Amino acid sequence: MNDASTDGRKGLLAAAAVGAATTIAGHALLGRLTGGRFGDADEYNTAKVTVSGPIRRNQGRPSPLSGPGGATADDVVEQIEAADEDEDVEALLVELNTPGGEVVPSDDIRRAAAEFDGPTVAYATDLCASGGYWIASGCDELWARDASLVGSIGVVGSRPNAKGLADKLGISYEQFTAGEYKDAGVPLKEIEEDEREYLQGIIDGYYEQFVETVSEGRDMDPEEIRDTEARVYLGEDAAEMGLVDDLGTEDDVEDRLADLLGAEPEVREFTPERGLAERLGIGAERVAFAAGSGVSDAFVDDGGDIDVEFR
């Protein structure tokens with residue numbers, strides 16, 4: 001057999017191998033993008049929902065740079081309600097990795113978890129702060145890791161002051177309103193003391209509501225909560241203070257769910273419903289980004305530095 005014929009057969013075999021690998025990878029990708037809807041559904045008795053990133057009502061389409069997660073508050077509420085309506089689901093696991101976010105969307109998720117018919121366990125991974133802790137207070141138990149950051153039971157409101165910049169640019173502010181505080185907090189004018197007191201009163205009202213919510217949900221004295229002064233605590237310290245029920249890994253949490261259910265927990269992750277076209281589109285973007293990341297990583301020297309950020 002001549003060399004050309006041999007090379008041709010090798011080329012066909014290589015093409016066939018690549019084609020088979022591509023088909024397998026394509027099926028796997030399709031299965032992930034469609035939530036496994038084309039495969040046989042596994043048995044499950046526990047629903048898992050994830051609150052990841054800032055808690056917002058809307059935050060637009062997921063970015064391929066941010067990866068999975070980052071569901072909006074409405075998405076998470078829908079997932080919890082779907083789990084509650086699912087006859088196979090007996091328990092709810094809420095995984096939290098969030099710095100907090102908007103007040104009312106956080107409360108929507110907390111209410112959905114509190115209304116779930118069955119045991120509810122919240123699990124803090126890296127960060128469970130502010131609105132994330134608000135959500136956790138609606139669950140029966142809160143678990144965390146030793147190195148998790150937990151707490152930040154407080155409220156922040158901000159107002160940019162662009163008056164100086166406006167003066168430099170020759171921009172003046174003039175607005176016609178009915179009602180003394182209708183334009184309170186507008187950044188193009190200096191804030192008056194009575195306006196500051198008015199806006200601070202709103203923040204204080206939210207804070208009192210936060211303290212009351214945590215006090216009832218966690219069965220804690222309100223003064224103990226106020227004494228935290230909105231600090232965050234490492235998981236071990238949070239557990240000693242009663243902000244966390246217990247410490248452990250997700251395996252430990254599943255052991256606890258087994259005790260609550262009286263059976264081995266079979267966990268199914270409930271994710272936002274998206275159309276096939278959107279799933280494929282997001283998947284394609286992530287594959288493209290991952291490919292580019294793989295190339296660029298070859299030119300990056302990992303110096304081993306550890307970056308710690310508060311956002």
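The values are calculated or read from the model by the stated rules, or taken from the named source; none is laboratory data. Here the structure is a predicted model, which means the values were calculated and not measured. Cβ: placed from backbone, ideal geometry, glycine included. Neighbour counts: every protein chain shown.
A compact table of results
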read-out	value
Residue within segment 135-142 that is out of contact with any strand residue (DSSP E or B) (no Cβ under 8 Å at 6 or more places or on another chain) and either touching a residue at least 24 places away in the same chain (Cβ under 8 Å) or among the hydrophobic types (A, V, I, L, M, F, W, C) (or both) present	yes
Residue satisfying condition, being of a type in the set (S, T, N, Q), exposed (fewer than 10 other Cβ atoms within 10 Å of the Cβ) and under 26 Å from Val232 (Cα atoms), within set Ser148, Ser158, Ser137	Ser158
Positions within segment 254-272 being without any contact (Cβ under 8 Å) to a residue 12 or more places away in the chain and in contact with a Pro (Cβ under 9 Å, 6 or more places away or on another chain), in sequence order	Asp255, Ala258
Residue that is assigned to a helix (DSSP H, G or I), among the small types (Gly, Ala, Ser) and modelled with pLDDT of 95 or more, where the choices are Ala277, Ala284, Ala290, Ala238	Ala238
Subset tally (residues that are within 22 Å of the chain's Cα centre (by Cα), surrounded by 13 or more Cβ atoms within 10 Å (Cβ to Cβ) and free of Cβ contacts under 8 Å to residues at least 40 places away in the same chain) for segment 210-253	0
Flag if Asp194 is modelled with pLDDT of 90 or more and farther than 30 Å from Ala136 by Cα	yes
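Yes or no, residue by residue, for (1) free of Cβ contacts under 8 Å to residues at least 60 places away in the same chain; (2) among the small types (Gly, Ala, Ser); (3) closer than 12 Å to Thr46 by Cα; (4) touching a helix residue (DSSP H, G or I) at 6+ places or on another chain (Cβ under 6 Å):
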| residue | (1), (2), (3), (4) |
| --- | --- |
| Ala73 | yes, yes, no, yes |
| Val77 | yes, no, no, yes |
| Pro99 | no, no, no, no |
| Glu102 | yes, no, no, no |
| Asp108 | yes, no, no, yes |
| Ala112 | yes, yes, no, yes |
| Thr120 | yes, no, yes, yes |
| Tyr123 | no, no, no, yes |
| Ala129 | no, yes, no, no |
